[in-house]
Ligand SMILES: Cc1ncc(COP(=O)(O)O)c(C=O)c1O
């Protein structure tokens, strides 16, 4: 346990340096502030003091208005497994647009069938409905579960992020285990927090306890098989299998939120690697091939509640842009590519992930700072292309749960989330929450470059510790 360090002097220095490094992005930020809240959309992109404003992107790199070629580990919120703007997708889209196909949303076509067929085959789901964002997918999956079971309570993991939707906005930030949990947004019904049970990740005992206490009132348990925004940690096999068993025992719908993990670790869902078949799976990010595609996929008897056979009980029509033809063309092209190249893509991503985690840890160690990356694989997930450095005050600190890495008394959260990001931007390297995801377009040279940049950053940080 430790009190957070004060980095304000170094942060101010870095911010001033960054303003000199990127004057055009700084000026564009001033302009953006006149019309947009905080100068843009999606708060995670709006780095303080201002974000780099992009003009192009290719592979592992993006270019900003100041002419910097930035090595990017954010990769479209972890979506772009083949890097930015891969030829295989852009050429398919260019051909389609030239032939007069792509923006005629409002109809349906063979593409929707083809993508749904791939998703069912690769995830074991029976039915799919498309939508346009991960948040809509998780919200609709929860509505389906509540309608199917006729129960109200939703269980989720503390620190788990399922998108900005009502049930997902409870138990997200680290709150020192504070109970009762409250909605982390104004504007939501007060009663909502009473409908959500917050449990801990990788804690089968607590899960059993929560099922014992609430099981007969629970509609669903929504959980990521690989924790994303909460800190990049895989579920233990025991935890996920226990979740499956308890859901069966109490008649609770198991929703695996695979918005990040779907098609990132294999050409399909991650639940399969645990031998766990969920009742519903939510998918987005990778499956869109860089376009906004999301889906709920799962058991026919649950999914039918949003269709005619189920009396359209659940109002999950999909939305104007659901199954958008250009988006689904990108999705089909990417998913087909991933299925066909599975044996090359995923071992390569895993190798790059392992090298990245090592490079970051080595760089900090060389400057006398202890860093341990999360994003590592385990017995079920054999390789991982995710990496984020954690800076625990105690080297023996377990990093199994979002609370372990987001408690400022246990880990140097300010260094990971803000200082490191800003300092790396001065090195023309882009990370979010301190890390990110690899794509097949990253190379060993890129990782060496990251390692050198981390070393220079670590040297500066060390002086402020
Ligand atoms: C696991 C998980 N679920 C859901 C979402 C929400 O997805 P979206 O941002 O597309 O709404 C996210 C977004 O980061 C996510 O990581």
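Observations
- Put the Cα centre of the stretch 189-234 next to the Cα centre of the stretch 15-58 and the gap is 36 Å.
- A straight chain from residue 206 to residue 382 at 0.36 nm per residue would run longer than the Cα-Cα distance by 60.7 nm.
- Multiplying the residue separation of residue 34 and residue 312 by 0.36 nm and removing their Cα-Cα distance gives an extension gain of 95.7 nm.
- Cα gyration tensor shape of the chain, rounded if a/c is under 1.5, else prolate or oblate by comparing a/b with b/c: oblate
- Two-decimal Rg/Rh across the stretch 87-340, once Rg and the Kirkwood Rh are taken from alpha-carbon atoms: 0.98
- The relative contact order of the chain comes to 21 percent, based on Cα pairs under 8 Å that sit 6 or more residues apart.
- Counting only DSSP beta bridges with both residues in the stretch 87-340, the antiparallel share comes to about 45 percent.
- Rounded, prolate or oblate (a/c below 1.5 giving rounded, otherwise prolate when a/b exceeds b/c) for the stretch 267-426 by Cα gyration tensor: prolate
- Calculated log₁₀ intensity ratio I(q)/I(0) where the Debye formula runs over C-alpha points of the stretch 118-191, q = 0.16 Å⁻¹: -0.69
- Approximate spin-label separation residue 300-residue 358, in nm, with each point projected 7 Å along Cα-to-Cβ: 4.8
- Label-point separation, residue 343 to residue 85 (7 Å along Cα→Cβ), nm: 3.4
- Centroid-to-centroid separation of the stretch 66-96 and the stretch 424-462 [C-alpha atoms, Å]: 18
- FRET efficiency for residue 248 and residue 152, using Cβ-Cβ distance with R0 set to 30 Å, rounded to 0.05: 0.90
- Between the stretch 122-145 and the stretch 256-329, the alpha-carbon center distance in angstrom: 4
- Overall form of the stretch 281-333 per C-alpha gyration tensor (a/c, 1.5; a/b vs b/c): prolate
- Mean projection area, nm², convex hull over Cα of the stretch 8-116: 9.9
- FRET efficiency for the pair residue 27 and residue 58, taken as 1/(1 + (r/R0)^6) with r the Cβ-Cβ distance and R0 = 22 Å, rounds to 0.35.
- Here the ratio of the Cα radius of gyration of the stretch 59-168 to 2.2 N^0.38 Å is 1.42.
- The C-alpha radius of gyration of the stretch 333-436, expressed as a fraction of 2.2 N^0.38 Å, stands at 1.19.
- Distance between the pseudo-spin-label points of residue 109 and residue 12 (7 Å out from Cα toward the beta carbon): 5.6 nm.
- Share, in percent, of DSSP beta bridges within the chain that are antiparallel, nearest 5: 60
- Segment residue 456-residue 99, length gained on full extension (0.36 nm per residue, minus Cα span): 123.5 nm
Values in this text are rule-based calculations from the coordinates and carry no lab data. The structure displayed is predicted, hence computed values, not measured ones. When we count neighbours, we look across all protein chains shown, and the Cβ atoms used for this are built from the backbone with ideal geometry, even at glycine.
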